[in-house]
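Taking it in order: structure first as structure tokens, then the write-up.
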Amino acid sequence: MRAGPGMAPAAELRRAPWRESLAPVEVWERFDDAVRGLSRARTGLSVTAISHAFGELSAAAFELADAVNRNRQRARAAGAA
């Protein structure tokens, strides 16, 4: 196995002022930490570390999706009120 290059999230997921309108800062920070962790793991040779990093990213992405959905539901409810 050869070490891979580091990685960065898609432009749509990088730090930007609009992020806080979708989900709380701490949820985005967990996601960013998970992306950085995967990037670091990919530069090494440990399949276990890479697997763990993908698991962390998956959990952070699910948390982010849930937060975005809750935010949208609140916005819809506020608009209906």
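Please treat every number below as a calculation from the coordinates, not as lab data. Worth saying up front: this structure is predicted, and the values here are computed from it rather than measured. FYI the Cβ positions are ideal-geometry reconstructions off the backbone, even for glycines, and counts take in every protein chain you see.
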Please go through the stretch 1-41 and give me each residue that is part of a helix (DSSP H, G or I), surrounded by 13 or more Cβ atoms within 10 Å (Cβ to Cβ) and more than 9 Å from the chain's Cα centre (by Cα), ordered by number. Arg19, Arg36, Gly37, Leu38, Ser39, Arg40, Ala41
Residues of the stretch 42-81 satisfying the condition of being of a type in the set (D, E, K, R) and loosely packed, with under 12 Cβ neighbours inside 10 Å: Arg72, Arg74, Arg76
